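Colleague: Encoded as structure tokens, here's the structure I'll be asking about.
The values are calculated or read from the model by the stated rules, or taken from the named source; none is laboratory data. These numbers come from a predicted model, not from an experiment. So basically every Cβ, Gly included, is an ideal-geometry build from the backbone, and we count neighbours across all protein chains shown.
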Amino acid sequence: MRCCRSSEYFPNVALSELMSVQGLSKREWLALHAEVKAIQQEFGLSYKDSAHRLYLAEISRLKTLERAHQAMSFVQQRIDKVVDHELIPPMLKLAEDEEGHA
């Protein structure tokens, strides 16, 4: 399989310039390029459409991660509330009662 160069898709832009725009390393750019090429070959799409599909998949993944983070934050808040307001006060009262009887 022939490897494509960034100049084939971005003829007026050097790879180093592309990397600096996004802040990605050369390895990350090449990994993304490989994913786009795999999508292109798998579905017979243009490079542009393949890159767009990869972009949408990443956006979907990030949204899912964000929702999971929000859900876990909510769960953590509920656990903290239960511990702070429903478990600790009775435990402190029991500890005080035990000290009073000892």
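Colleague: Checking residue 4 against (1) at pLDDT below 75; (2) assigned to a helix (DSSP H, G or I): exactly one of these is not met. Which one?
Modeller: (2)
Colleague: Being at pLDDT below 90 and either aliphatic (A, V, I, L, M) or within 22 Å of residue 56 (Cβ to Cβ) (or both) is the filter here; which residues of the range 17-37 pass it?
Modeller: 18, 19, 21, 22, 23, 24, 28, 29
Colleague: Continuing with the same structure: In this structure, is residue 92 surrounded by 10 or more Cβ atoms within 10 Å (Cβ to Cβ) and over 39 Å from the mean Cα position of the chain (by Cα)?
Modeller: On the way: surrounded by 10 or more Cβ atoms within 10 Å (Cβ to Cβ): yes; over 39 Å from the mean Cα position of the chain (by Cα): yes.
Spelling it out, residue 92 is indeed surrounded by 10 or more Cβ atoms within 10 Å (Cβ to Cβ) and over 39 Å from the mean Cα position of the chain (by Cα).
Colleague: Same structure again: Pairs please, first residue from the range 23-42 and without any contact (Cβ under 8 Å) to a residue 24 or more places away in the chain and surrounded by 12 or more Cβ atoms within 10 Å (Cβ to Cβ), second anywhere and part of a helix (DSSP H, G or I) and of a type in the set (Lys, Arg), Cβ atoms under 9 Å, 6+ apart in sequence or on different chains.
Modeller: Pairs that qualify, where the first residue is without any contact (Cβ under 8 Å) to a residue 24 or more places away in the chain and surrounded by 12 or more Cβ atoms within 10 Å (Cβ to Cβ) and the partner is part of a helix (DSSP H, G or I) and of a type in the set (Lys, Arg), are 36/53; 39/53.
Colleague: Surrounded by 11 or more Cβ atoms within 10 Å (Cβ to Cβ) and either modelled with pLDDT of 75 or more or more than 17 Å from the chain's Cα centre (by Cα) (or both): does that describe residue 102? Give the derivation first.
Modeller: Details: surrounded by 11 or more Cβ atoms within 10 Å (Cβ to Cβ): no; either modelled with pLDDT of 75 or more or more than 17 Å from the chain's Cα centre (by Cα) (or both): yes.
No: the conditions fail for residue 102.
Colleague: Which one is surrounded by the fewest Cβ atoms within 10 Å (Cβ to Cβ), of the residues in the range 45-72 that are assigned to a helix (DSSP H, G or I) and over 16 Å from the mean Cα position of the chain (by Cα)? Walk me through it before giving the result.
Modeller: So in the range 45-72, the residues assigned to a helix (DSSP H, G or I) come out as 47-72.
From what's left, over 16 Å from the mean Cα position of the chain (by Cα): 47-53.
Numbers: 47: 15, 48: 11, 49: 14, 50: 20, 51: 19, 52: 14, 53: 17.
My answer is 48.
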